[in-house]
Amino acid sequence: MFFSCKPQEPKSNEFIMLSISNDKSGQISQSLYFTLGSEKLKKNGFGNLEVENVKKELVKNITRFRDEFYLSFIITYNSKPDPNYKIGEKLLISSPSYNKESDTIGFSMIFKDMNTWNYYHPSSGGENDNTHIGFMIKTSSEGVFPFAAKFGEGTVGERYMEAYTSALQTATNKSIDYSPDFVYDYASPLNAIKSDSEYKLESELKHHIWLRKLSEYKENSKINIYTLQANRGLWYLTLLGVVILGLGVTLIIFKLQSKKRQ
């Protein structure tokens, strides 16, 4: 889950995480995970049975999110059926499950390739911003931190938080302070991709991780991903100038040598 004891890595015992991972084969995974917080619940007087009941209720609530994604994909497919992008073949969606090692509950959606991803995530029509920086061109794309996106009168983050607090209330009729960190993890095999993320980790993939506290995620709601590439026009122009300068110097030396011989 990328939350270990290394000092350069983000640390959080209570979080909700969205992740998108694009591996070297071209397969893309989109996931949503919640920490259950078993130890915190026990420290606040919850018994083992109560913790188990909270887990069951949270699985139910997260299953609703999973079903909403599933329904939206079905609507997309039915609006423009294409056998190349069948759900169950090119798009796989897991059921929410509990991971004991990380004490999290979540599910994943796996898109077999970029074409399948684009089919189910039509472009919003946004434009990239190209900035010339000397011999380089910076192509950047600014977006909204996913949890800060509007949902009804609130935000996506607030809706996800309500899934946890309602599970707690339904299972135990109790409440405790719940202040999760919101984490967005974008992973890619490409070194050329840069970002303004708070954390950058490298394993088989390069992870760009934005971690925002509950108190700041609404105000600090923008994220930026960009690439740097050579400004070919300027490089070619410079190279041409160097060649012309070299030819000019050669001609001058030749003339001077000719005059000297005369």
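Of the strands (runs of 3 or more DSSP E) lying entirely inside the range 143-206, the ones with 3 or more residues being surrounded by 19 or more Cβ atoms within 10 Å (Cβ to Cβ) and assigned by TED's automatic domain parsing to the domain that holds ILE20 are found at 181-188.
Before we move on, is PHE46 among the hydrophobic types (A, V, I, L, M, F, W, C), farther than 30 Å from TYR199 by Cα and at pLDDT below 95? Yes: the conditions hold for PHE46.
Residue check: is SER108 at pLDDT below 95 and not in a helix (DSSP H, G or I)? When the stated conditions are applied, SER108 does not pass them.
Taking the criterion of being touching a Lys or Arg at 6+ places or on another chain (Cβ under 6 Å) and more than 21 Å from LYS222 (Cα to Cα), the only residue of the range 170-200 that qualifies is PRO189.
Of the residues making up the range 141-186, just one is of a type in the set (S, T, N, Q), modelled with pLDDT under 90 and over 15 Å from the mean Cα position of the chain (by Cα), namely SER175.
The values are calculated or read from the model by the stated rules, or taken from the named source; none is laboratory data. Since we're looking at a predicted model, the values are computed, not measured. Counting neighbours? That spans all protein chains shown, and the Cβs are built from the backbone with ideal geometry, glycine included.
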